[in-house]
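Please read the structure below before turning to the comments.
The values are calculated or read from the model by the stated rules, or taken from the named source; none is laboratory data. Model, not experiment: these values are computed from the prediction. Every residue, glycine among them, receives a Cβ derived from its backbone with ideal geometry; neighbour counts consider all protein chains shown. For accessibility, only protein heavy atoms count, side chains too; no ligands or nucleic acids. Shrake-Rupley method; radii C 1.70, N 1.55, O 1.52, S 1.80 Å.
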Amino acid sequence: MHSNQARFNMIEQQIRPWNVLDLQVLELLGTIHREDFVPEAHRALAFADTEIPLPAGQCMLAPRLEARMLQDLMVQPHETVLEVGAGSGFMAALLAHRARQVLTLEIVPELAAMARSNLAKAGLGNVTVREADGSKLGASEGKFDVIVLSGSVGQVPQDLLKHLTIGGRLGVIVGDDPVMQCTIVTRTSETDFRSSATWETVVQRLQGFAEPARFQF
């Protein structure tokens, strides 16, 4: 099947039926070539409703999950974004088209190099890929309007909440197999946060966030 037809089918048969109705998000998924972020050995799976294997035992999330998270976070053109878990760089590419600046962290050196290469080939100059452990973010990193974790955690990382601006949102999949929930946490003041669980899924645990689910913000 031709890539453009496969991309169209992905949007219409997987993503739109999963309540992704934001036209800008749908247009973006039709514009960015997801297949360019997929390892050559798995290129045939680029538009499939499945996780795609990456080096070091990691994976790309299914496209409907990335699209739904992007929609729920409502990223604006003036905002700065932090992603934890760059993977192959595809989610960072989506974010970069919506935001002013994106910093994406990747703990696996091989994946950091892959993401950096893929994003450069895509011509995206407003993304920085850094080899780092996102669970150990220093105070010097400052604050972000949006923080997204491209993988699951046992509980909402309290340290990352400190890095949200007022009005900033953190998107994260929280819980343990077989039940995990996408949770959006919004910082409403210096001391207050509002949390909402929007949909259920099961995805791979982010490295550095191995603790079991005990508490949800």
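Structure data summary
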| item | result |
| --- | --- |
| Net charge dipole size for the chain [Lys, Arg +1 and Asp, Glu -1 on Cβ; Debye, nearest 20] | 300 debye |
| Top positive-direction residue, dipole computed over the stretch 123-217 with Cβ charges, set G167, L124, I184 | G167 |
| Cβ-based net charge around W18, under 13 Å, with every Lys or Arg adding one and every Asp or Glu removing one | -3 |
| Relative contact order, percent, the chain [alpha-carbon distance under 8 Å, six or more residues apart] | 15 percent |
| Within the stretch 145-211, chymotrypsin sites (Phe, Trp or Tyr not before Pro) in DSSP loop having at most 10 other beta-carbon neighbours inside 10 Å | none |
| Calculated [θ] (222 nm, deg cm²/dmol) that DSSP helices of n ≥ 4 give over the chain, each run adding -39,500 (n - 2.57) | -7000 deg cm²/dmol |
| Cut-off under 5 Å, modelled amide H: who pairs with I147 long-range | L82, R169, L170, G171 |
| Förster-model FRET efficiency, 22 Å R0, N9 and E51, C-beta, rounded to 0.05 | 0.75 |
| Phi to ³J(HN,Hα) by Karplus 6.51 cos²θ - 1.76 cosθ + 1.60 over the stretch 88-96, Hz, x for Gly, Pro | 8, x, 5, 5, 4, 5, 4, 4, 5 |
| Within the stretch 31-86: Cβ-based charge dipole about Cα centre, in debye rounded to nearest 20 (Lys, Arg +1; Asp, Glu -1) | 100 debye |
| Area accessible to solvent at H78, 1.4 Å probe radius, in Å² | 120 Å² |
| Computed magnitude of the charge dipole of the stretch 39-130 (debye, nearest 20; Cβ of K, R +1, Cβ of D, E -1) | 260 debye |
| Projected-area mean, the chain, by convex hull of Cα positions, square nanometres | 11.1 nm² |
| Percent carbon-and-sulfur accessible area, the chain, ignoring ligands, DNA and RNA, probe 1.4 Å | 52 percent |
